Amino acid sequence: MALNVRDDIHTDYSAEKEKIKGFLTMFKSSEKDLEDTLQDFGIDDQETPVQTELSSLKYMRQLQRIANREQQMLVVDLEDIHTHERTVAELVSSIIENTRRYVNLFSEVVDQIIPEPTKDISQYDDVLDVILHQRRERNERDSETESAFPDHLLRRYNLYFQPLKSDISLAVREVHGSHLGHLITVRGIVTRVSEVKPLLQVNAYTCDVCGSETFQDISNKTFMPIADCQNINECKKNNITGTLHMQTRACRFSPFQEVKIQELADQVPVGHIPRSMTVHVNGNITRLMNPGDVVHLGGIFLPIPYTGFQAIRAGLLTDTYLEVHHIYQEKKQYADMEITPEMQQTIEEMKSDPSLYTKLSQSIAPEIYGHEDVKKALLLLLIGGVTKVTADGLKIRGDINICLMGDPGVAKSQLLKYITKIAPRGVYTTGKGSSGVGLTAAVMRDPVTDEMVLEGGALVLADNGICCIDEFDKMEESDRTAIHEVMEQQTISISKAGISTTLNARSSILAAANPLYGRYNPKLSPVENINLPAALLSRFDLLFLILDKPSREDDERLAQHVTYVHMHNTHPDLGIDILQPNVIRHYIAAARAIRPTVSQRVSSYVVDSYVKLRKKSKIDVEENKSHTYTSARTLLGILRLAQALARLRFSETVEHDDVDEALRLMECSKESLMEDNDQEREPDRSPISRIYRLIKGMAGAGKARRSKRQKRFGKGPAGERDMDMESENDDGDSDYETGNGLSMVDVRSRVLNNGYTEAQLMDTIHEYERLEVLQRQANGTKLVFMELNA
């Protein structure tokens with residue numbers, strides 16, 4: 001029976017090399033790439049046409065840098081091959097289907113066309129350069145022909161292919177046997193990253209008789225060492241068999257890293273568990289991935305036979321892996337984000353928006369109704385305070401920790417999920433599904449080296465990010481204590497299995513929990529309902545108690561909001577422009593570069609505010625109404641929130657309004673409890689009444705300061721403290737003088753900073769003017785209280 005043999009299966013690789021050579025020597029960069037290159041390499045427009053012509057040739061320019069030992073990585077973009085010429089259009093498909101062969105072909109062509117160095121590279125000489133120089137001198141002296149060196153030994157670069165932009169990223173379970181040898185793109189989340197180890201590529205030997213070097217090219221995991229000298233001119237000529245000894249210094253090693261990636265949750269079919277894939281990373285692209293990163297990996301899908309005892313058990317079966325050529329990360333760190341000119345212009349426009357604070361907070365999970373103050377606190381969590389390290393090494397954390405405790409059905413888990421999407425590094429875990437080891441670190445055996453290594457938990461994976469812990473109250477007490485060190489010292493100390501080390505866990509903790517009995521029981525005190533130890537509560541900068549209370553007006557608005565989302569698959573009109581998560585992420589990245597400081601006058605104000613909080617906490621404890629534990633950590637929490645607010649405004653200093661807003665958020669976190677107390681219940685919670693009380697408080701503060709200036713002489717020997725406090729408010733901010741009134745500029749600034757809109761402020765003024773309580777004077781620049789003037 002005759003076999004059907006394809007006539008076109010044979011490929012003329014000489015012709016393929018000519019195509020590759022033409023592409024590498026002739027392809028020119030676009031004008032934009034050329035401008036960037038001229039700027040990067042400092043090439044002036046006045047340089048010679050030859051230099052400018054070389055700089056426009058994209059790959060020849062890179063080869064020149066490789067020859068000058070300034071670059072070690074040559075990336076061939078398949079998009080460039082696709083757009084070069086119609087004659088090489090089929091070259092792209094050939095590369096995709098037989099990538100490993102074309103890596104060798106491209107490397108052979110590069111070895112032929114690489115130019116000579118244009119500057120002195122003697123400072124980069126290594127052992128191999130010395131061996132080559134000695135070999136050439138010996139050949140010239142003895143008139144011998146130079147013996148061949150392996151190609152890997154002479155190459156000073158690593159060649160990678162960058163896939164086409166139109167390539168579809170595959171899930172792990174969509175990679176089949178038909179993809180073997182092909183260049184594919186796989187999407188997944190990194191679950192484990194090994195240490196970087198040296199991988200042997202060329203082994204070097206030295207003969208103990210003639211002293212010549214022998215090199216062996218290594219292409220597999222296992223190899224058979226050469227025992228006898230193969231030098232024809234010495235040992236073979238004299239009929240002597242010299243013994244070879246391995247010389248590590250002359251060997252060629254390449255950095256090697258093994259990575260495990262796993263399918264994302266949205267790629268797993270119903271009823272299945274996520275599949276994983278082994279990934280091999282070589283050369284200059286090692287150390288670019290960390291556990292928890294969501295990546296698109298372009299590489300060659302290859303088989304690898306089992307070795308050792310595994311080969312006996314596996315028989316004819318082989319394992320598979322992905323040899324990576326290109327890494328693309330979906331979400332980059334704040335420091336690694338590239339801000340385009342268009343995004344920079346958008347950020348500049350946002351800076352001048354007076355209602356930016358409200359707009360950014362409302363853009364967090366807009367499909368969730370209400371929770372205005374909770375969203376503002378989450379925005380400050382994303383921005384964070386300033387981490388300080390003193391001269392003697394003492395570290396003061398700047399990350400903000402928040403706990404959301406409330407009744408079921410108040411969208412706590414949805415808020416946590418949304419925060420993990422916005423943050424560049426966000427890890428979501430649950431209380432029952434996490435143990436103390438799973439949160440911190442576990443000791444495991446490395447499958448590559450068979451050594452005991454540390455495997456980072458959720459808090460380590462969230463380093464420089466946010467760790468969201470749901471069902472916080474369901475955790476075992478022994479597991480919950482594992483995060484005490486993380487929340488304050490931001491480190492994890494490990495001493496187990498002979499490993500003693502300290503891991504970084506510089507993450508913010510966002511926890512969600514239910515009260516002790518599932519729902520808040522008003523018959524019990526707040527401490528009994530919360531049921532968390534004081535050592536843990538004090539580590540949270542904000543603890544929100546969210547109670548689900550029936551109210552006809554609120555329930556109706558909530559139902560309308562939810563039904564609108566279900567009908568239209570989007571949020572209703574909120575009266576402001578909702579910002580996209582990508583814009584929020586870039587704005588936060590720019591804001592986190594600011595390091596605001598606290599002035600002396602603001603420091604005095606914070607001290608007085610903290611003393612008042614301690615006094616009020618003492619009264620609450622005596623009356624069994626204590627909501628949280630007020631300590632020195634509360635003072636640090638106020639400073640962190642105020643610094644985050646200053647960062648939000650791109651301000652270098654913390655202002656009074658920032659401290660006031662931080663104190664207001666702390667007060668709002670327990671306002672649900674205040675509504676239970678008839679004595680502290682506010683008569684009206686509408687925006688108009690709240691704005692009126694805010695304006696009235698500004699006027700009352702002005703009158704109180706006047707009386708202080710008349711009667712008080714200070715607490716110190718020279719009256720320093722009170723005099724400093726009075727002088728800080730003499731700048732006219734929110735001062736109320738009889739007959740002059742409040743400045744409308746100050747009123748508008750204070751009201752907008754507290755999260756209200758311009759329209760709500762004007763409605764308040766019109767309403768109380770109609771009631772003859774307020775009056776605008778001096779062409780609308782002053783606001784006067786009729787009752788205070790009377």
Practice task
Could you please let me know if GLY283 is more than 22 Å from the chain's Cα centre (by Cα) and open to solvent by less than 20 Å² (accessible area, probe 1.4 Å)?
Solution key: yes
Practice task
Return the residue satisfying two criteria in turn: it lies in the stretch 432-442 and is in a loop (DSSP other than H, G, I, E, B) and surrounded by 19 or more Cβ atoms within 10 Å (Cβ to Cβ), and of such residues it is modelled with the lowest pLDDT.
Solution key: SER434
Completion exercise
Matching residues in the stretch 551-574 (under 14 Å from LYS359 (Cα atoms) and open to solvent by 70 Å² or more (accessible area, probe 1.4 Å)) number 1
Practice task
Working carefully through the options LEU459, LEU510, find the one that is at pLDDT below 80, within 21 Å of LEU379 (Cα to Cα) and crowded, with 23+ Cβ neighbours inside 10 Å.
Solution key: LEU459
Handout entry: Total residues in the stretch 418-428, condition of a type outside the set (A, V, I, L, M) and buried (at least 22 other Cβ atoms within 10 Å of the Cβ)
Key = 1
Exercise for the section: Find the residue count for the stretch 374-394, including only residues that are touching a Lys or Arg at 6+ places or on another chain (Cβ under 8 Å) and either part of a loop (DSSP other than H, G, I, E, B) or of a type in the set (Val, Ile, Thr) (or both). Expected result: 6
Practice task
Pull up the stretch 112-158, narrow it to residues that are of a type in the set (A, V, I, L, M, F, W, C) and open to solvent by 60 Å² or more (accessible area, probe 1.4 Å), then point me to the one that is modelled with the lowest pLDDT.
Solution key: ALA148
Exercise for the section: Evaluate the following for HIS280: is it in contact with a strand residue (DSSP E or B) (Cβ under 7 Å, 6 or more places away or on another chain) and either without any contact (Cβ under 8 Å) to a residue 12 or more places away in the chain or over 30 Å from THR99 (Cβ atoms) (or both)? Expected result: no
Problem - Qualifying positions in the stretch 504-533 - under 26 Å from LYS417 (Cβ atoms) and of a type in the set (A, V, I, L, M, F, W, C) - result: ALA505, ILE509, LEU510, ALA511, ALA512, ALA513, LEU516, ILE530, LEU532
Practice task
State all residues of the stretch 586-605 that are open to solvent by less than 50 Å² (accessible area, probe 1.4 Å), in a helix (DSSP H, G or I) and in contact with a helix residue (DSSP H, G or I) (Cβ under 6 Å, 6 or more places away or on another chain); if no residue qualifies, say none.
Solution key: HIS586, TYR587, ILE588, ALA589, ALA590, ALA591, SER604
Problem - Number of the condition not met by LEU297 [criteria: (1) surrounded by fewer than 19 Cβ atoms within 10 Å (Cβ to Cβ); (2) at pLDDT 85 or above] - result: (1)
Handout entry: Residue within the stretch 56-67 that is modelled with pLDDT of 85 or more, of a type outside the set (Gly, Ala, Ser) and open to solvent by 40 Å² or more (accessible area, probe 1.4 Å) present
Key = yes
Completion exercise
Counting only residues in the stretch 752-770 that are in contact (Cβ under 8 Å) with a residue 12 or more places away in the chain and open to solvent by 30 Å² or more (accessible area, probe 1.4 Å), the one farthest from ILE688 (Cα to Cα) is identified as ASN753
Exercise for the section: Kindly indicate which of ASP407, ASP450, ASP446, ASP479 is modelled with pLDDT of 80 or more and among the acidic types (Asp, Glu). Expected result: ASP407
Practice task
Go through the residues of the stretch 517-529 one by one and say whether even a single one is touching a Lys or Arg at 6+ places or on another chain (Cβ under 8 Å), part of a loop (DSSP other than H, G, I, E, B) and among the hydroxyl-bearing types (Ser, Thr, Tyr).
Solution key: yes
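Listed here are the residues, each with its yes/no results for (1) at pLDDT below 50; (2) open to solvent by 70 Å² or more (accessible area, probe 1.4 Å); (3) in a helix (DSSP H, G or I).
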residue	(1), (2), (3)
ARG705	no, no, yes
PHE713	yes, yes, no
GLU726	yes, no, yes
ARG750	no, no, yes
GLU772	no, yes, no
Problem - Close pairs from the stretch 59-86: first over 22 Å from LEU164 (Cα atoms) and touching a residue at least 12 places away in the same chain (Cβ under 8 Å), partner among the charged types (D, E, K, R) and open to solvent by 10 Å² or more (accessible area, probe 1.4 Å), Cβ under 7 Å, at least 6 apart - result: ILE66/ARG156; ALA67/GLU116; ASN68/LYS119; ARG69/ARG156; GLN71/ARG65; GLN72/ARG156
Problem - Criterion (within 21 Å of ASP151 (Cα to Cα), among the small types (Gly, Ala, Ser) and touching a strand residue (DSSP E or B) at 6+ places or on another chain (Cβ under 7 Å)) met by exactly one of ALA227, ALA250 - result: ALA250
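Hey, can you tell me all the residues within the stretch 397-417 that are open to solvent by less than 60 Å² (accessible area, probe 1.4 Å) and outside any loop (DSSP other than H, G, I, E, B)?
ILE402, CYS403, LEU404, MET405, GLY406, LYS412, SER413, LEU415, LEU416
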Practice task
Please work out which residue is nearest to the chain's Cα centre (by Cα), limiting yourself to the stretch 546-585 and to residues that are closer than 22 Å to LEU645 by Cα and either of a type in the set (Ser, Thr, Tyr) or outside any helix (DSSP H, G or I) (or both).
Solution key: GLN580
Exercise for the section: Taking ILE312 as meeting all but one of (1) in contact (Cβ under 8 Å) with a residue 24 or more places away in the chain; (2) of a type in the set (Val, Ile, Thr); (3) farther than 15 Å from ALA171 by Cα; (4) surrounded by fewer than 18 Cβ atoms within 10 Å (Cβ to Cβ), write down the number of the exception. Expected result: (1)
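The values are calculated or read from the model by the stated rules, or taken from the named source; none is laboratory data. On a predicted model such as this, the values are computed, not experimentally measured, just so you know. For neighbour counting, all protein chains shown are included, and Cβ atoms are generated from backbone atoms with ideal geometry for every residue, glycine included. Accessible surface is based on the protein model in full, side chains and every heavy atom, while ligands, DNA and RNA are left aside. Shrake-Rupley method; radii C 1.70, N 1.55, O 1.52, S 1.80 Å.
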